[in-house]
Amino acid sequence: MQKKSLKYVIIGDGHAGNSAAETLRKGSPGSDIVIISTKPTHYFDHSLLATFLLDKKDITSLYVYPYTWYKDNNIRLRLNQTVTKVIPDKHELILSHNERVYYDRLLIASGAKPKLPESLSRYKSLLTVFTDAVDAMKLREKLGTFRHVTMVGGDCIGLHLAGAMLKLGKSVTFVLNEYNFWPLEFDETVKDKLIGCLKKKHIEVIADDMTTEIVKDGTRLNVLTKNGKIVKTDLAFLTSGMVPNIDFLDGSGIDVQTGILVDEYMHTSAQDIWAAGECATVYYPELKDYRQTTGEVNAKMLGNISAKNMLDEKRAVSLAEPGKITIEGEDFITYGWKGFSIDI
Amino acid sequence: MTYKRSLTIEICGSSGDRSLAAGEILIKTLSDIGYHVISFDAYPAEIRGFGKTVAHMRAGREIMLSLSSKVDILVSLNDRYAIEQLKNLNDEGVVIFDNRQRDITYEVLQQDEGQTDKHHLGPGVYTEEEGWKEITSEQVSIAGHLGPGMYLYGVPLYQLSQKTTNESRSRNIVVLGSVAALFNIPKNEFIGNLTAKLGKKDKSVDSVVAAFEEGYNYVRENVVKLDPYSFERLSVDRKGYKLMDGNKAVAQAAIDAGCKLYAGYPITPATKIMEVLFAELPKHGGAVVQTEDEISAIGHVTGAGFAGVRAMTATSGPGFCLMTEFIGYNVMSETPVVIVDSQRGGPATGLPTKTEQSDLNHALFGGNGDTPRIVVAPTSVKECYQWTAEAFYLAEKYQMPVIVLIDLFLSLSVRNVQLDPLPDYKKGSNKLPSQEDMKLYLRQKITDDGVSPRSLPGQENGYQVVSGLEQNEYGTPVYDEYSHTVMTQKRFRKIKTALDHDVPSPERIGQKGRVKLGVISWGSTAGAVADAVDSVLKEGKSVAMLKLIVINPLKEKEIQAFLDDCEKVLVPELNYQGQFANWLSIHFQQKFLRFNKVATRPITHDEIEAEINRLLKE
């Protein structure tokens, strides 16, 4: 328990950020706790995004906590506000509206963003993303305008979305590349099993191939693959996994590789700054190596551990039990994801 | 509009940010697309300089008579001031702010540069109360002060304003474009009102419209709307409705009632009455005189009244005090005048830009001697029109001063109203002498109704002496007991006649028969009471209200009947003493529960509703 009342700032309103905020509040009842998030929506449950497409529920149905939870816990929530710079020497953040925010201790839990393969970067405007509550809201508004969707790449979010699309009577094509299906432990056996399961669901699977080009064709799109296939579709979803969302750290001096490098106590290379969740690349003593973490289970755990360390309780990380998703009765091992399935 | 019966919007800035101009355009547009509106702006007392300025408006599908304490949408043109407004924002309210301001701390430093004292260096702010105080950008940016359920939308107001008009002052127009896009307000109506307002004096209308479009397009392209509020066009016929404030309604009534002379001295909040009449009265054969002070103003009006011309002056508390001597003079000389007092916070110069209902004692009792006068207090903008016109009729018919008691809230509150045309008989009510009367003209003839036939200057054989002295039937100054007694009785008899013939019964609203709680209200507070009573009635509560417009003379029989129906009676008003409750106590043997505020702002319906609920639980 800390004696001095500090100001804790958390960048990110996801699983890691909220888990940390809860722990900090319990451990330091008198401190200032601020969550800053670029997203306009509240902390939501990712596993509900696809089912949200199927009903008419309000967006608040996705939220994990009602806003009164933050009020009751005296946690200041700053939504729709973007951190553009971190200045560790001054213990300061700069927001996009030029406000400078002071912190005593900072947790970066800015999560991940959809991975856009370099080869497809010029087709960004033709790709649809489906990673947060706003994406779900926008997609629900135009459900009546399309019949066929294509998943560009393979990831669990795409699987989940495909499940919703099937329920809505849309036809679905996956264009899988030969190397991965984020974030499954992926090898030839898993791949064959996965393809089999998808086909049982009447999903077209183009395997061992990759999308190389997307071309507008009137109101529709043509998705072209390396092996010369052309998929005529209405919407092309970017489902190639996620990468850490850490662009705002450029010039901060904080060490990053794929994500923000943190030690087993979730501390970054900068004083009084910790990182947790999908933005962090964590050193695991069991592995004697760093690992990029993904998924809700890991994020919550790491957010909690970070907060304990921010409260000066020395807590080291340990590997979480792998998660699993199930398709057509078959289990697939994931790193930290749960609640996602094509069988929604 | 979705979800709520009405929405309240505030545009908050510093003086010079033109937030009131933006509010004016917004409320006009909402009215044009079918909404009932009510607005009331707050601004600093100083004419120029720094200070918080807030355009405050409420819009809904149903008629509303009062403001809400709570705000649903807060637009910030100046975060430091808007932060103070957050305490009024609903838990799920919306904030629109400039998300690309110049460096906030730097702006504070700019203000600092004007200071010569070296201790004033560094980011901070200087106030007379607290001196130099260090301040951080976190303290001056509204973004960090919202509650967790509120919606924050950022628009680069400064940048877009610079881009389109090459100056930052068009941020108020950019933000109107953003408001239109966010809340689905039809764009064309907005632009029409914008150009109509600016067209007369601003040659660069195109660039201003471009500023509006930039704000609109930015929101459409960049902002994800999550709040539930919108103002889609309503399919209702608003033909015949006019958007006006209480001052304009008073001025319009004066014109329509045949006022031919207005004399006044400028004073907040009544000045606009004179401004409107300056422009309009000459077109109707009248004249406006800006006098050297309020004493002169009522002197002019008294002279016109003596000459048989309908005349009016309008003022506020301090000016009304100066006019007091003439009230007595008008009573004694039986000269018709209409005096409008738009009350503001007092005493003395008091609070020039804040509302209050604290001139009632002065209106009822001001002056020496026994000075009967009629006092009316309209409760809405529409009634400002009706009862100013009625005041001319009553003043002329009963040859006495009629005081129209409004307040700053009514004066400046804009609403869309449908005015009923005045009946012709109201346009001339002089009791002129008959041929028989002219055989031996008695200016102060004793009559059953107390009203003596009045000759007008120039009328053959209608000569009269006019002074402030007591008089006999000929009008000759006298000092005897008999004359003073019968003349005093005659002057008070006119009040009784007016009561019997021209004072309508007070309006009862709400549950009929016995009720647990009755609310008696007067002046602008009656709107808040009506809205509150309407709300609690929907919850099945046993409540009724009585709305009094004519404050003197009182319809005692009807009021007593209402009191007999009520287990308890509440009298809310905007003064410390409970002046109206005291006035009622003189007339009725009844305990009145009081709800008094000197809050510098109108009482809101939710405040009254809370008080009603509290009393019902007791």
Restricting the search to segment A:154-163, which residues are surrounded by 24 or more Cβ atoms within 10 Å (Cβ to Cβ) and not in a loop (DSSP other than H, G, I, E, B)?
-> A:Asp155, A:Cys156, A:Ile157, A:Gly158, A:Leu159, A:His160, A:Leu161, A:Ala162
Counting just the residues of segment A:1-57 that are assigned to a loop (DSSP other than H, G, I, E, B), out of contact with any strand residue (DSSP E or B) (no Cβ under 8 Å at 6 or more places or on another chain) and of a type in the set (Gly, Ala, Ser), which one comes out farthest from the other protein chains (Cβ to nearest Cβ)?
-> A:Gly30
Restricting segment A:174-218 to residues that are more than 23 Å from the chain's Cα centre (by Cα) and polar (S, T, N, Q), the residue that is surrounded by the most Cβ atoms within 10 Å (Cβ to Cβ) | A:Thr212
Is one or more of the residues making up segment A:263-279 crowded, with 24+ Cβ neighbours inside 10 Å, under 21 Å from the mean Cα position of the chain (by Cα), closer than 19 Å to A:Leu116 by Cα and modelled with pLDDT of 95 or more?
-> yes
Identify, please: which residue in segment B:524-548 is out of contact with any strand residue (DSSP E or B) (no Cβ under 6 Å at 6 or more places or on another chain) and more than 11 Å from B:Ser66 (Cβ to Cβ) and is, among those, surrounded by the most Cβ atoms within 10 Å (Cβ to Cβ)?
-> B:Lys541
Take B:Arg61 and decide whether it is modelled with pLDDT under 90, more than 26 Å from B:Gln139 (Cβ to Cβ), out of contact with any helix residue (DSSP H, G or I) (no Cβ under 7 Å at 6 or more places or on another chain) and not β-branched (Val, Ile, Thr).
-> no
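Residue-by-condition table, conditions (1) part of a loop (DSSP other than H, G, I, E, B); (2) assigned by TED's automatic domain parsing to the domain that holds B:Tyr153; (3) modelled with pLDDT under 50:
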| residue | (1), (2), (3) |
| --- | --- |
| B:Ser69 | yes, yes, no |
| B:Leu74 | no, yes, no |
| B:Ala82 | no, yes, no |
| B:Lys87 | no, yes, no |
| B:Asp91 | no, yes, no |
| B:Glu107 | no, no, yes |
Would you confirm whether any residue within segment A:98-120 is farther than 28 Å from A:Gln271 by Cβ, more than 12 Å from chain B (Cβ to nearest Cβ) and touching a strand residue (DSSP E or B) at 6+ places or on another chain (Cβ under 6 Å)?
-> yes
Any helices (runs of 4 or more DSSP H) falling wholly within segment B:318-420 and containing at least 2 residues that are hydroxyl-bearing (Ser, Thr, Tyr) | B:324-333, B:381-398
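Conditions tested, residue by residue: (1) more than 13 Å from chain B (Cβ to nearest Cβ); (2) in contact with a Leu (Cβ under 8 Å, 6 or more places away or on another chain).
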residue: A:Thr60; (1), (2): no, no
residue: A:Tyr67; (1), (2): no, yes
residue: A:Leu79; (1), (2): no, yes
residue: A:Asp89; (1), (2): yes, no
Looking at A:Val172, A:Val86, which one is in the same structural domain as A:Gly196 (by TED's automatic domain parsing) and either touching a helix residue (DSSP H, G or I) at 6+ places or on another chain (Cβ under 9 Å) or acidic (Asp, Glu) (or both)?
-> A:Val172
Hey, among the residues in segment B:137-155 that are more than 9 Å from chain A (Cβ to nearest Cβ) and surrounded by 21 or more Cβ atoms within 10 Å (Cβ to Cβ), which one's modelled with the lowest pLDDT?
-> B:Ile142
Picking from B:Ala210, B:Ala257, the residue that is closer than 30 Å to A:Glu141 by Cβ and either aliphatic (A, V, I, L, M) or touching a residue at least 12 places away in the same chain (Cβ under 8 Å) (or both) would be B:Ala210
Total residues in segment B:497-522, condition part of a helix (DSSP H, G or I), exposed (fewer than 14 other Cβ atoms within 10 Å of the Cβ) and not acidic (Asp, Glu) = 1
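Based on what the data block shows, is B:Ser204 of a type in the set (Gly, Ala, Ser), more than 20 Å from B:Ile11 (Cα to Cα), modelled with pLDDT under 95 and not assigned by TED's automatic domain parsing to the domain that holds B:Arg61?
no
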Scan segment B:487-501 and report the pairs whose first residue is free of Cβ contacts under 8 Å to residues at least 24 places away in the same chain and whose second residue is among the hydroxyl-bearing types (Ser, Thr, Tyr) and outside any helix (DSSP H, G or I), with Cβ atoms within less than 7 Å and a gap of 6+ or a chain change.
-> none
Taking only segment B:433-452 into account, find how many residues are in a loop (DSSP other than H, G, I, E, B) and either over 36 Å from the mean Cα position of the chain (by Cα) or among the polar types (S, T, N, Q) (or both).
-> 12
Take segment B:292-307 and flag every residue that is out of contact with any Leu (no Cβ under 9 Å at 6 or more places or on another chain) and not in a helix (DSSP H, G or I).
-> B:Glu292
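The values are calculated or read from the model by the stated rules, or taken from the named source; none is laboratory data. If you're wondering where the values come from, they're calculated on a predicted model, not measured in any experiment. Positions of Cβ are backbone-derived with ideal geometry, glycine not excepted, and every protein chain shown enters the neighbour counts.
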